[in-house]
Amino acid sequence: MTRTQNIIIRYIILFTGLLIMAFGIAVVAKSNSGTTPISSVPFVLSLIFPITFGQFTCLLSILFMIAEFVILGRDFPKAQLWQIIIGPFFGFFTDLGMYIFSPLNPSAYWARMLALLIGSILMALGIYLQVAANVIMNPGEGAVKALAYKFKIRFGSVKIVFDAVLGITALLISVVYFGDIRGIREGTIVSIFLVGFLVKIWSRIANYFDFEKKLYPIKMKQ
């Protein structure tokens, strides 16, 4: 396998991961059990303004990338400027997922929890594939990594605070505009812990089958 073929395969894996993650977000959003923290603000804003969930997701991705650049300054990896292409694709995939799963509207609690689980599994697979591709970071994760690097705090700790801030922001926007809470429910809290656990499961499955080694044996610089 040539280096060019290696890079092409990695980008295919990256965008496949984005697609699957976006579909997972859509399933969770349609589960009627609350959205994921990373998508809570775009979801609530889409209920207020005539802009789609995916379009707000795109805008937020771009803002995250700008935040990375501001936080890191000269330490910002030039290769990560390509994150700018993630937002439009991620936004489009999210809207596509919302359209495909539009008939999904579970009412029974067990059905809502099942949809939440399926969506979380898809999200976790999508996140794993993006990490495994090892080319461009998702701006949301990139912002967390930038904060962790800047303030010398563990990534996991920053991630929890980051997700909490997004969730609280969405909650405040919802209460101020609607007078009640929309988009934030028990599924939002569950997904914080469930998705991370499922990513580890996907990683272990991939390691068992030597997924990364077989798919693209050429190592990429970090």
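The values are calculated or read from the model by the stated rules, or taken from the named source; none is laboratory data. Since the structure is predicted, the reported quantities are computational estimates derived from the model, not experimental observations. A quick note on method: Cβ atoms are made from the backbone with ideal geometry, for glycine too, and the neighbour counts reach across all protein chains shown. Please note that ligands, DNA and RNA were not included when accessible areas were found on the heavy atoms of the full protein model with its side chains. Shrake-Rupley method; radii C 1.70, N 1.55, O 1.52, S 1.80 Å.
Quick notes on this one:
- Members of region 1-20 found to be free of Cβ contacts under 8 Å to residues at least 60 places away in the same chain and over 12 Å from A132 (Cα atoms), listed by number: T2, T4, Q5, I8
- Of K159, K152, K78, all but one fail to be at pLDDT below 85 and surrounded by fewer than 16 Cβ atoms within 10 Å (Cβ to Cβ); the exception is K78.
For every residue, the table says whether it meets (1) closer than 25 Å to I48 by Cα; (2) among the hydrophobic types (A, V, I, L, M, F, W, C); (3) in contact with a helix residue (DSSP H, G or I) (Cβ under 9 Å, 6 or more places away or on another chain).
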| site | (1), (2), (3) |
| --- | --- |
| A115 | yes, yes, yes |
| L125 | no, yes, yes |
| Y128 | no, no, yes |
| G156 | no, no, yes |
| L171 | yes, yes, yes |
| I184 | yes, yes, yes |
| F197 | no, yes, yes |
| I201 | no, yes, yes |
| I205 | no, yes, yes |
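- Qualifying positions in region 163-193 - crowded, with 20+ Cβ neighbours inside 10 Å and in a helix (DSSP H, G or I): D163, L166, G167, A170, S174, G187, T188, S191
- Residues (small (G, A, S) and open to solvent by less than 30 Å² (accessible area, probe 1.4 Å)) located in region 101-115: A111, A115
- Residue check, L60 more than 16 Å from the chain's Cα centre (by Cα), closer than 16 Å to G167 by Cβ and buried (at least 20 other Cβ atoms within 10 Å of the Cβ): no
- Only one of the numbered conditions (1) surrounded by 12 or more Cβ atoms within 10 Å (Cβ to Cβ); (2) modelled with pLDDT under 80 is not met by D210, and that is (1).
- Qualifying residue in region 99-108 (condition: under 15 Å from the mean Cα position of the chain (by Cα) and not aliphatic (A, V, I, L, M)): no
- Residue within region 10-19 that is over 13 Å from the mean Cα position of the chain (by Cα), open to solvent by less than 30 Å² (accessible area, probe 1.4 Å) and modelled with pLDDT under 90 present: yes
- Residue within region 37-47 that is at pLDDT 90 or above and out of contact with any Ser or Thr (no Cβ under 9 Å at 6 or more places or on another chain) present: yes
- Some residue of region 116-138 being more than 16 Å from V27 (Cβ to Cβ), over 17 Å from the mean Cα position of the chain (by Cα) and open to solvent by less than 50 Å² (accessible area, probe 1.4 Å): no
- Identity of the residue in region 42-53, of a type in the set (A, V, I, L, M) and surrounded by fewer than 24 Cβ atoms within 10 Å (Cβ to Cβ), that ends up nearest to the chain's Cα centre (by Cα): L45
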